[in-house]
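Asks: Please read through the structure below; I'll follow up with questions.
What follows is calculated from the coordinates using simple rules that are stated; it is not laboratory data. Everything quoted here is computed from the prediction, not taken from an experiment.
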Amino acid sequence: MLSRTASCSCGQLRIQVEGEPQGVGLCHCFSCQRRTGSAFAELASFSAPFKIFGNATEYVRVGDQGAKFTFRFCPVCGTSLFHTEEGRNESVSVAVGAFADPSFPMPRVSIYDSRRHNWVQLPPGTTTFDRDPD
Ligand SMILES: [Zn+2]
Ligand SMILES: [Zn+2]
């Protein structure tokens with residue numbers, strides 16, 4: 001089976017995932033904008049099993065709908081590499097940029113589209129949600 005590894009910028013923290021992503025999406029929420037320092041986040045979700053190498057620091061954030069997300073970032077370089085949602089430990093969301101793979105499958109959904117910077121153009125056919133559909 002296809003396996004991919006996403007890495008923080010210093011290489012200390014890595015996550016290895018198996019198979020194709022369940023979904024690839026963009027998130028324009030202000031929390032992701034602040035978390036990444038970018039105009040939006042791009043995340044790919046993968047089913048378990050996944051393997052984590054290195055040490056991660058955790059940050060728990062409660063979403064607008066009350067879901068608890070645990071973000072894992074590298075304590076050395078600060079890359080925000082992946083997160084899980086409480087009660088959904090069978091899947092993980094990984095920062096797409098951390099795969100450093102320009103041929104990675106493109107995003108199909110756009111979350112918190114109401115907070116998208118107005119210069120950002122979505123690929124044709126992208127499904128948009130004003131907020132988090134969960
Ligand atoms: Zn690092
Ligand atoms: Zn977000």
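Asks: In whole Hz, with x marking every Gly and Pro, tabulate ³J(HN,Hα) for segment 16-32 from phi via Karplus 6.51 cos²θ - 1.76 cosθ + 1.60, θ = phi - 60°.
Replies: Running phi through 6.51 cos²θ - 1.76 cosθ + 1.60 with θ = phi - 60° gives 10, 10, 10, x, 7, x, 5, x, 10, x, 9, 10, 9, 5, 5, 5, 5 Hz.
Asks: Give me the tail of P(r) for the chain as a percent: Cα-Cα pairs with distance above 24 Å.
Replies: Result: 25 percent of Cα pairs exceed 24 Å.
Asks: Provide the per-residue ³J(HN,Hα) series for segment 46-60, in order, calculated from phi with Karplus coefficients 6.51, -1.76, 1.60 and θ = phi - 60°, each as a whole number of Hz, with x at glycine and proline positions.
Replies: Coupling constants for segment 46-60: 10, 6, 4, x, 9, 10, 10, 10, x, 9, 10, 9, 10, 9, 9 Hz.
Asks: Considering the chain as a Gaussian network with a 10 Å cut-off on Cα pairs, which listed residue, 86, 20, 58, attains the greatest mean-square fluctuation?
Replies: Per the Cα network of the chain with a 10 Å cutoff, 86 tops the list.
Asks: Considering only 80, 114, 45, give the residue with the highest GNM mean-square fluctuation for the chain, with springs between Cα atoms whenever their separation is below 10 Å.
Replies: Of 80, 114, 45, the most mobile in the Gaussian network model is 114.
Asks: Okay, next question. Could you pull the Rg and Dmax for segment 34-90, using just the Cα atoms, both in Å?
Replies: In Å, with Rg to one decimal and Dmax whole: 11.9, 31.
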